[in-house]
Structures are given as C-alpha cells and as structure tokens.
Amino acid sequence: MAKQTRHHHKKRNYALPMPGASPGLVHIDESSLTPIINIYTYKADDYKVETLTNLSLLKAKISDTNLNYWVEIKGFKSVELFHILSKDFEVSKLVLEDITRTYQRPKFEEYKHYNFAISRMLFLDSHQNLTNEQLSFILTKNILFTFQQSYEDCLAPIKQRLEIGQGNIRIGGSSYLMYALMDIIVDEYFSVLSNWGDQLDEIENKLFDKPNKTIMFDTQVIKRNLITLRRIAWPERDKMNDILRTDNHLIDEATKMYIRDAYDHCIQIIDMVESMKEISASIIDMYLSIISNRMNEIMKVLTIISSIFIPLTFIAGIYGMNFSRVDPISGKILPQNMPELYQANGYLYTMLVMGAIAVAQIIYFWRKGWFK
C-alpha cells in the first residue's frame with residue numbers, strides 16, 4: 001500500500017542572477033558540496049573505477065582515446081574545477097553557468113567539440129515529497145561528463161551494468177552511455193507516476209467510504225506535483241527529438257534507435273500525467289460535491305425539525321401570553337381574553353393537540369419522501 005502524501009509542499013529556492021548581470025558567470029552557492037569526482041574507465045573487456053583527488057590531473061587521467069570515460073562530478077564547491085573545464089576542455093562559460101544554475105529546463109545544445117544536455121531527475125524522498133534535481137551532460141568523442149549538485153546516487157543501475165558489462169553499455173560508446181543515463185531518469189518518472197496512481201486509488205476508496213478533509217489536501221499535493229512533472233516531460237520530449245534529428249557526429253546512428261524508444265516513453269509519460277491530472281481534478285470536484293450534498297442533507301434534517309416545531313412553538317407562544325379572562329381582584333370578565341386559561345385539563349388538551357399536529361406533519365413529510 002502506497003504511503004500517503006504529507007500535507008506540505010517541499011519548496012526549492014534557487015539563486016537567480018541579478019537583472020542585467022553578465023552572462024556566463026559560474027554560480028557557486030554557499031550550500032554547495034565539495035566535489036566528488038569518480039572516473040569510470042571502460043571498454044568491451046575492461047572496466048575500472050577511480051576517485052580523483054587532485055583536480056589538476058583530470059585531463060591526464062582521461063587522455064587515452066582508445067578508452068571510454070564517464071566522469072561523474074557531484075558537488076560544485078570548487079572554482080578550480082570549472083576553471084579546468086573551461087581551460088583544458090574548452091567548455092563555454094555559458095554552459096558552465098547552466099550547470100551551476102540548477103533550475104534549467106531539459107535541453108540539448110550542440111557545440112564545436114562537444115554536446116551539452118540537461119535532464120531533470122525526479123524521485124520521492126522518505127516522506128514522499130517530490131525531489132527535483134538537475135543532471136547535466138557534456139559529451140565528447142569518448143568522454144561523458146555528468147554534473148550533479150547533490151550526492152544522491154540515482155544512477156546505480158547504470159553503474160552495475162557497466163561493472164558486469166551487460167548489454168551494449170561498454171561497446172555502445174559515450175553517446176550510448178548518455179542515452180542510458182537519460183533513459184533511467186525517464187523510467188524513474190514512471191515509478192513516480194505509479195506511486196501517485198496508487199495514492200489516487202486509495203484516495204478514491206476513502207472518498208466513497210469515509211470522506212474527510214485530508215482527501216482534498218492529499219489530492220492537491222499530487223496535482224501540484226503532476227504540474228511539475230508536466231513542465232519537465234514536455235521539454236524532455238523535445239530534447240529527445242532534437243537528439244534524434246541532429247546530424248552531429250558525436251551521436252551514433254545506432255544510439256538514435258534507442259533514443260527513439262526513450263522519446264516514446266516521454267510521450268507515454270505526458271499522456272499519463274494528463275490523465276492523472278483529470279483524475280485528481282475530478283476527485284477534488286467529487287469531494288466538494290459530497291460535502292455539499294452532506295451539507296444539504298444536514299440542512300434538510302434541520303428544516304424538517306424546524307418545520308415540525310414551528311406550529312408547536314406558535315401554540316406555546318399564544319398560551320404563554322397569559323391574558324386572563326377574569327380579573328382576579330374585581331372578578332370582572334375581561335372580553336377578548338383567553339377563555340382556556342382556567343380550563344380544566346387545559347394543559348393535557350394542549351399537549352395532545354400539539355402532539356397530533358407533530359404526528360400529522362411527520363406523516364406528511366414521509367409521504368413526500370423527505371426522510372429518504
């Protein structure tokens with residue numbers, strides 16, 4: 001059974017550039033993490049992992065053109081790192097800015113010696129809150145750089161495939177590795193949507209069994225997250241389409257066949273998001289309708305009770321005025337006053353009349369179907 005969504009939205013604050021600031025400025029946030037650089041060296045029959053401790057050795061470590069490299073960089077708290085990328089690998093400062101400004105939309109850009117791409121990783125944390133992180137790619141002939149702001153390890157399945165040499169991961173080249181990483185990110189969207197689908201099913205069951213105000217809160221959280229996913233899925237689809245249509249020599253034709261499959265997955269995700277948005281909206285509308293109907297039923301019961309007691313209150317009000325028919329001092333009969341005030345058994349007769357009126361009203365309302 002899926003865990004229920006918490007009733008708060010996890011908001012991520014991004015440091016935006018000042019209006020009019022010069023483009024191409026690398027932004028290193030105060031909360032940035034110290035970079036951890038793992039170099040995965042591989043070919044068809046070889047695989048090795050090394051953690052780089054000296055940034056100045058980065059270029060020398062990945063200089064063999066007969067091998068493929070994946071340079072995984074986690075954490076941005078190093079001016080030297082971006083200086084090396086700019087100087088030794090001729091990475092544009094505009095690209096470095098997009099890497100460090102981690103609010104970018106998915107995209108694919110072609111440069112002279114490399115390609116640049118951005119994906120957004122979505123996953124649910126332990127509290128079922130949606131986490132949205134940027135993963136940036138720089139693709140050269142035999143090197144793939146990936147950049148991630150946090151230490152979260154969302155790419156473990158790809159690392160396992162590299163280690164055991166499963167499928168085309170070692171022989172497909174750097175462009176295939178980039179596809180594999182993008183594909184696992186897109187596949188995670190399905191997992192997130194599946195979790196939300198289970199939650200919506202539980203919410204629907206609760207809606208019919210015992211509706212309460214948490215239904216609207218939980219559904220609204222899911223609906224807001226669906227909007228976030230939709231804002232990511234559309235440009236992700238466009239990015240895949242740009243990769244499919246490019247003639248860039250860094251993207252192998254064999255890889256494009258797999259990219260086409262990832263493109264289809266993006267379309268499926270968009271369709272699922274739209275369907276679940278409609279479901280979540282209908283759940284909220286149904287909840288409000290149920291609450292409105294319940295309020296109408298309550299008002300109906302109160303109206304019936306009020307209708308029964310109105311004539312009884314009228315009778316009690318009349319005989320509560322106590323206008324005596326006989327003056328107690330002079331014994332004089334006062335005209336147009338209550339002749340029943342000193343009637344024997346008057347209280348009993350009045351109660352019987354009031355009871356008969358109430359019973360008659362109940363029978364009338366029952367025949368009208370007001371008690372159904």
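Report the per residue volume, in Å³, of the convex hull enclosing the C-alpha atoms of the range 36-290. Given the Cα convex hull of the range 36-290, per-residue volume reads 131 Å³.
Wrap a convex hull around the Cα atoms of the range 123-266, take a quarter of its surface area, and give that in square nanometres.
Numbers: hull surface 40.6 nm².
Across all orientations, the range 123-266 yields a mean hull projection of 10.2 nm².
The calculated FRET efficiency for the pair Asn248 and Ala60, based on their C-beta separation and a Förster distance of 35 Å, comes to about 0.85. Take the cross-link list Lys61/Lys112; Lys213/Lys277; Lys159/Lys256; Lys87/Lys112; Lys74/Lys277 and give me the ones stretching past 25 Å between alpha-carbons. Going by Cα-Cα distance, Lys74/Lys277 fall outside the 25 Å limit.
By average Cβ neighbour count within 10 Å, what is the ranking of 317-328, 174-185, 240-251 from highest down?
Values: 317-328: 10.8, 174-185: 22.7, 240-251: 16.0.
Ranking, from highest mean packing down: 174-185, 240-251, 317-328.
The angle between the Cα long axis of helix 346-368 and the longest principal axis of the Cα atoms of the chain comes to about 40 degrees, rounded to the nearest 10. Relative to its residue count, the range 291-368 spans a Cα convex hull of 104 Å³ per residue.
Taking amide H atoms as placed 1.01 Å from N in the peptide plane, the amide H of Arg120 lies under 5 Å from those of Leu135, each 5 or more residues away in sequence or on another chain. When all alpha carbon pairs of the range 61-116 are counted in 10 Å bins from zero, the resulting P(r) reads 18, 53, 27, 2 %. Using a Förster distance of 22 Å, how high is the FRET efficiency between Trp234 and Glu188, based on the Cβ-Cβ distance and rounded to 0.05? Between Trp234 and Glu188 the formula returns 0.80. Between Lys107 and Lys43, the distance separating the two model label sites (each 7 Å from Cα on the Cα→Cβ line) works out to 3.7 nm.
What is the local net charge at Lys112, summed over the other residues whose Cβ is closer than 13 Å to its Cβ (Lys, Arg +1; Asp, Glu -1)?
On the way: positive: Lys141; negative: Glu90, Glu109, Glu110.
The answer is -2.
Computed extension length for Ile333-Asp153: 54.7 nm, one decimal, from 0.36 nm per residue of separation with the Cα-Cα distance subtracted.
All of the numbers you see were taken from the coordinates with simple rules; none came from a lab. Keep in mind it's a predicted model, so treat the numbers as computed, not measured. So basically every Cβ, Gly included, is an ideal-geometry build from the backbone, and we count neighbours across all protein chains shown.
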